[in-house]
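A.B. asks: A single structure is presented below for examination.
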Amino acid sequence: MEKHPSARLALKWLDEAGNHEDITYGALLEQANQLANGLKQLGLQQGDKVLVMVPRQIIAYVIYLACLKSGIIIIPSSEMLRAKDLAYRLRNSGARAVIAWSSVTSEVDSIDEELPDWAWKIAVSADHAEVLEGWHGLDQLMEQQPSSFTAADTHRDDMAILAYTSGTTGNPKGVVHSHGWGYAHLRITRPWLDIREQDIVWATAAPGWQKWIWSPFLSVLGWGVTGLAYNGSFKPHRYLELLQEHEVNVLCCTPTEYRLMAKTEGLEQYDLSQLRSAVSAGEPLNQEVIHTFERHFNITIRDGYGQTESTLIIGNLKDAPIRLGAMGQSIAPGLVEVIDEDGKPLPAGEVGDIAVRTDMPALFHGYYLDPARKEASLRGDYFVTGDRASRDEEGYFWFEGRGDDIIISSGYTIGPFEVEEALMKHASVKECAAVASPDEIRGNVVKAFIVLRDGVEESPELVKQLQNHVKNWTAPYKYPRKIEFVADLPKTSSGKIRRIELREAEKRAFRSEQG
Ligand code: ATP
Ligand code: MG
């Protein structure tokens, strides 16, 4: 007999120390209802905002569900944020409460700004320990509350989530998403994720990032499948072990995670034969990584492109043939285009701005308290993403780079991604970033910052070798005239490479050289 839906397994949770716990849909919902009742009793109301800073724990799912059902607006925050980042979000949003994991309560307590809207601090701990001075305990709030709750009467256009962007290029921006957005996200991203009934889905993003809402939260729970939730740091071998052990069917990772898995030794020891769908998003995915996974595991990683401002809007969809190196096709016909300065779609092969139709249902409502900022990105019928690409005859998008990351050298326009892609094909390269470095004669030259694979020594010969390697893979004018070996690359806390930081440092160095 088919199990009652509430008896289905919602989450298989485990952590680095070997603790584990399973929870059904029924139990998850009961806990969410208890919390919703508790929050209401505390004084939180529909329309209030709550900053949530809880790692990959089952309770994170409970909190998000409770807030959504109560009409309380969630501000997702990574537990890696520091007091000044938190103060920025609390001030900007006018949040009424903070819900924080016990390991970060002291960071919250070190905020020394006056924040008049902020009334409650709620702490969550794994061991349900005693309540901290000045804090409410989340367990205590849930205790003895009824396990049923009537959902608030929310409208499709009411704000549900206030998501701050990754801050890859500057101050994070508060992106407003409505309740209707969540539904649109589920429908739009289905042909990319390819989640099927009975699947075990592992989406590795951590709460605090929009990608956690996209995949581990909305797509897993929204399609009623079982999610694997691993609260541990990224280690390539551990990830591969988990994929094998839990017979994961759908995997959603960042390019960095795939890259580091692909570059580890001993891949042949893992059996990932249950893996049917593997997707990547957030940053460019290198072809080399796709090849490695195909060779070892017979699975093709499908890249997808999206933004906090919308959802995944370009992707290698489940039944479409993969075009290696391309991000995929518009997730629905006509939804995404490459446009020119007048807002007109460009012919195939020409580089322009990636733009998404403003009438698409998963586009954000605006930047919080900053309507002009969205206005500035509107062009004709489109919202301009700020990223550059070209599109081929079959509608596949080829990523060039973030608008600001594009390198202009001797009048040539060079996308950093192409240079990085070529470098990644070299066996000595673990990670790299290409940026513009100011140059008296050429305006700028391409400079590559390279992290070498363990055990590889830097040398002038290696520099030459890498330069020749790039010349062989791409148009020779794109080769990095400058190469610097580094121990690691500057990244956002979600793991994205911050080329802006490298570029700014190059500019500063150039200016001081000029006197
Ligand atoms: P901020 O806007 O604060 O500088 P951010 O743009 O990194 O931060 P997100 O909304 O998390 O914040 O990231 C979206 C961006 O990530 C896209 O605009 C694009 O530059 C990049 N991106 C996402 N997916 C891909 C992909 N598949 N290939 C290349 N780039 C991608
Ligand atoms: Mg952005």
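A.B. asks: Write out, first by first residue and then by second, each pair whose Cβ atoms fall under 9 Å of each other, whose residues are 6+ apart or on separate chains, and whose first residue, in region 503-515, is closer than 19 Å to residue 432 by Cα while the second is among the acidic types (Asp, Glu) and surrounded by 10 or more Cβ atoms within 10 Å (Cβ to Cβ).
C.D. replies: Note: pairs meeting the criteria are 503/404; 503/405.
A.B. asks: Further question: Within region 167-179, restricting attention to residues that are within 17 Å of the chain's Cα centre (by Cα) and polar (S, T, N, Q), which residue is farthest from ligand 1 (Cβ to nearest atom)?
C.D. replies: Applying the filter and picking the extreme gives 171.
A.B. asks: Let me ask something additional. Which one of these is away from ligand 1 (no atom under 16 Å from the Cβ) and closer than 23 Å to residue 333 by Cα: 457, 393, 461, 400?
C.D. replies: On inspection, the qualifying residue turns out to be 393.
A.B. asks: Return the total of residues in region 418-433 being among the hydrophobic types (A, V, I, L, M, F, W, C) and free of Cβ contacts under 8 Å to residues at least 60 places away in the same chain.
C.D. replies: 5
A.B. asks: Separate question: Quick check, is residue 229 part of a strand (DSSP E or B), small (Gly, Ala, Ser), more than 16 Å from ligand 2 (Cβ to nearest atom) and under 22 Å from residue 311 (Cα atoms)?
C.D. replies: yes
A.B. asks: Can residue 313 be described as surrounded by 18 or more Cβ atoms within 10 Å (Cβ to Cβ) and at pLDDT 95 or above?
C.D. replies: Judged against the criteria, residue 313 is a match.
A.B. asks: Go over the candidates 371, 347, 321, 361 one by one and state the one that is loosely packed, with under 15 Cβ neighbours inside 10 Å, closer than 30 Å to residue 95 by Cα and either out of contact with any strand residue (DSSP E or B) (no Cβ under 8 Å at 6 or more places or on another chain) or of a type in the set (Gly, Ala, Ser) (or both).
C.D. replies: Exactly one of 371, 347, 321, 361 is loosely packed, with under 15 Cβ neighbours inside 10 Å, closer than 30 Å to residue 95 by Cα and either out of contact with any strand residue (DSSP E or B) (no Cβ under 8 Å at 6 or more places or on another chain) or of a type in the set (Gly, Ala, Ser) (or both), namely 371.
A.B. asks: Out of 309, 265, 283, I need the residue that is of a type in the set (Asp, Glu) and away from ligand 2 (no atom under 16 Å from the Cβ). Which one?
C.D. replies: Exactly one residue qualifies, and that residue is 265.
A.B. asks: I would also like to ask the following. Output the residue which, of all residues in region 176-234 that are of a type in the set (Val, Ile, Thr) and out of contact with any Asp or Glu (no Cβ under 8 Å at 6 or more places or on another chain), is surrounded by the most Cβ atoms within 10 Å (Cβ to Cβ).
C.D. replies: In this case the residue turns out to be 189.
A.B. asks: Would you mind telling me which numbered condition in (1) surrounded by 13 or more Cβ atoms within 10 Å (Cβ to Cβ); (2) modelled with pLDDT of 95 or more residue 110 fails?
C.D. replies: It fails just one condition, (1).
A.B. asks: Could you go through region 153-160 and let me know if any residue there is within 16 Å of ligand 1 (Cβ to nearest atom), surrounded by 14 or more Cβ atoms within 10 Å (Cβ to Cβ) and modelled with pLDDT of 90 or more.
C.D. replies: No, every residue in region 153-160 fails to be within 16 Å of ligand 1 (Cβ to nearest atom), surrounded by 14 or more Cβ atoms within 10 Å (Cβ to Cβ) and modelled with pLDDT of 90 or more.
A.B. asks: On to the next question. Could you list, in sequence order, all residues of region 275-290 that are in contact with a Leu (Cβ under 8 Å, 6 or more places away or on another chain) and surrounded by fewer than 19 Cβ atoms within 10 Å (Cβ to Cβ)?
C.D. replies: 287
A.B. asks: Select from region 115-135 the residues that are under 20 Å from residue 96 (Cα atoms), part of a loop (DSSP other than H, G, I, E, B) and either in contact (Cβ under 8 Å) with a residue 40 or more places away in the chain or within 31 Å of the chain's Cα centre (by Cα) (or both) and list them in ascending order.
C.D. replies: Once the filter is applied, which keeps residues that are under 20 Å from residue 96 (Cα atoms), part of a loop (DSSP other than H, G, I, E, B) and either in contact (Cβ under 8 Å) with a residue 40 or more places away in the chain or within 31 Å of the chain's Cα centre (by Cα) (or both), region 115-135 yields 115, 117, 118, 119, 135.
A.B. asks: For region 275-288, check the following and say yes or no: at least one residue is of a type in the set (Val, Ile, Thr) and modelled with pLDDT of 95 or more.
C.D. replies: The answer is yes, given that some residue of region 275-288 is of a type in the set (Val, Ile, Thr) and modelled with pLDDT of 95 or more.
A.B. asks: Considering only region 158-166, I want to know if a residue exists there that is among the β-branched types (Val, Ile, Thr), within 17 Å of the chain's Cα centre (by Cα) and in a loop (DSSP other than H, G, I, E, B).
C.D. replies: Checked against the condition, which is being among the β-branched types (Val, Ile, Thr), within 17 Å of the chain's Cα centre (by Cα) and in a loop (DSSP other than H, G, I, E, B), region 158-166 yields at least one hit.
A.B. asks: Among the residues of region 79-99, is there at least one that is within 18 Å of residue 62 (Cβ to Cβ) and more than 22 Å from the chain's Cα centre (by Cα)?
C.D. replies: So far as region 79-99 goes, yes, one or more of its residues are within 18 Å of residue 62 (Cβ to Cβ) and more than 22 Å from the chain's Cα centre (by Cα).
A.B. asks: Let me ask you something else. Can you tell me which residue within region 312-334, out of those that are farther than 27 Å from residue 271 by Cα and out of contact with any Phe, Trp or Tyr (no Cβ under 7 Å at 6 or more places or on another chain), is farthest from ligand 2 (Cβ to nearest atom)?
C.D. replies: It comes out as 333.
A.B. asks: Further question: What strands (runs of 3 or more DSSP E) completely inside region 255-351 contain at least 2 residues that are away from ligand 1 (no atom under 14 Å from the Cβ)?
C.D. replies: 336-339
A.B. asks: Further question on the same structure: Between 234, 149, which is closer than 21 Å to residue 56 by Cβ, assigned to a loop (DSSP other than H, G, I, E, B) and of a type in the set (A, V, I, L, M, F, W, C)?
C.D. replies: 234
A.B. asks: Please determine whether any residue of region 180-202 is in a strand (DSSP E or B), away from ligand 1 (no atom under 16 Å from the Cβ), farther than 24 Å from residue 497 by Cα and in contact with a Phe, Trp or Tyr (Cβ under 9 Å, 6 or more places away or on another chain).
C.D. replies: Yes, because at least one residue in region 180-202 is in a strand (DSSP E or B), away from ligand 1 (no atom under 16 Å from the Cβ), farther than 24 Å from residue 497 by Cα and in contact with a Phe, Trp or Tyr (Cβ under 9 Å, 6 or more places away or on another chain).
A.B. asks: Quick one: how many residues across region 164-187 are aliphatic (A, V, I, L, M) and within 16 Å of ligand 2 (Cβ to nearest atom)?
C.D. replies: So the count comes out to 2.
A.B. asks: Right, here's the next one. If I filter region 352-366 for residues that are more than 26 Å from residue 190 (Cα to Cα), within 16 Å of ligand 1 (Cβ to nearest atom) and not aliphatic (A, V, I, L, M), do I get at least one hit?
C.D. replies: yes
A.B. asks: Looking at region 324-338 only, could you name the residues that are closer than 17 Å to residue 284 by Cα, crowded, with 19+ Cβ neighbours inside 10 Å and not aliphatic (A, V, I, L, M)?
C.D. replies: Residues satisfying the conditions are 328, 329, 330.
A.B. asks: Kindly state which strands (runs of 3 or more DSSP E) lie completely within region 362-427 and contain at least 2 residues that are within 24 Å of the chain's Cα centre (by Cα) and more than 16 Å from ligand 2 (Cβ to nearest atom).
C.D. replies: 382-391, 396-402
A.B. asks: Do you know which residues across region 224-241 are of a type in the set (A, V, I, L, M, F, W, C) and at pLDDT below 95?
C.D. replies: Residue satisfying the conditions is 234 alone.
The values are calculated or read from the model by the stated rules, or taken from the named source; none is laboratory data. What you are looking at is a predicted structure, and each value in this text was computed from that prediction instead of being measured. Backbone-built Cβ (ideal geometry, glycine too); neighbour counts: all protein chains shown.
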